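To start, the structure under review is shown below, and the notes come after it.
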Amino acid sequence: MQLSPAHHDERLTAPRSWWFIAVLIGLACALMLLPLGTLPLLAGLVGGTALAGLLVSSYGSARVRVVNGALAAGEARIPVTALGEPEVLDAEESRAWRTYKADTRAFMLMRSYVPTAVRVEITDPADPTPYAYVSTREPEALRAAILAAQRG
C-alpha cells in the first residue's frame, strides 16, 4: 500500500532492553514471595512481569501520524494550519531541545530511546503553546508529510 506524501504513520515502541527489565522485575517479585511458597512465587512472577510489561507497553506505544490535515502525536491533535515550518532535529539538537532549550509551555511527545525529533512552531495566536516537539525515528518523512499536508 502506497501512502500519500501528506500521510505519515509511525509507532514509537519501547526498546527490547525495556522488555528484559520487565522480566527482571517479574523475577524480583517472585523472589520476594519465595518464602511464602511455590504458588505465591509463581503468582509474583506472572503478576510482576505482566504489570511491568503493561507499563512498558503503555509508555512505549505512542503513535505519530499526519492524517486528515492534522498532526496526531500521542493524544494531541494539531491541525497543520496551526503549524509553522517543521525543523528536523538530529540526536544532539534533540537532546538540547529536551533539556536546556526546552520551554515548559511546549507540547512534547518525548521518548528518550528515540534519538531524533521534529520541532514545529505552533502559529495559532490563541494557543499559548510555542511549539511541538515530537520524537520520531523518521524525522525527514514526518517533516515532508507535514509540509505536504500544509500545501493541501
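The values are calculated or read from the model by the stated rules, or taken from the named source; none is laboratory data. In this text the structure is predicted, and so the values were computed from the model without any measurement. Cβ sites come from the backbone with ideal geometry, for glycine too, and all protein chains shown count toward neighbours.
Observations on the model:
- For first residues located in the range 132-150 and within 18 Å of Ala76 (Cβ to Cβ), partners that are of a type in the set (Phe, Trp, Tyr) and lie 6+ apart or on another chain with Cβ distances below 6 Å form the pairs Ala132/Phe107; Tyr133/Trp97.
- In this entry, Val67 passes the filter for residues that are closer than 20 Å to Ala149 by Cα, at pLDDT below 90 and within 19 Å of the chain's Cα centre (by Cα).
- Residue within the range 139-149 that is assigned to a helix (DSSP H, G or I), out of contact with any strand residue (DSSP E or B) (no Cβ under 8 Å at 6 or more places or on another chain) and of a type in the set (Lys, Arg) present: no
- Residue in the range 16-28 that is of a type in the set (Lys, Arg), assigned to a helix (DSSP H, G or I) and within 30 Å of Ala144 (Cα to Cα) present: yes
- Ala72 vs. criteria under 22 Å from Leu147 (Cα atoms), modelled with pLDDT under 95, out of contact with any helix residue (DSSP H, G or I) (no Cβ under 7 Å at 6 or more places or on another chain) and not in a helix (DSSP H, G or I): yes
- Out of Glu10, Glu85, one residue alone is part of a strand (DSSP E or B) and out of contact with any strand residue (DSSP E or B) (no Cβ under 6 Å at 6 or more places or on another chain). It is Glu85.
- Qualifying residue in the range 101-116 (condition: in contact with a helix residue (DSSP H, G or I) (Cβ under 9 Å, 6 or more places away or on another chain), of a type in the set (S, T, N, Q), surrounded by 14 or more Cβ atoms within 10 Å (Cβ to Cβ) and not in a strand (DSSP E or B)): yes
- Number of the exception - Glu121 against (1) closer than 20 Å to Asp9 by Cβ; (2) of a type in the set (D, E, K, R); (3) assigned to a strand (DSSP E or B): (1)
- Residue list for the range 24-77, restricted to those being among the β-branched types (Val, Ile, Thr) and loosely packed, with under 15 Cβ neighbours inside 10 Å: Thr38, Val46
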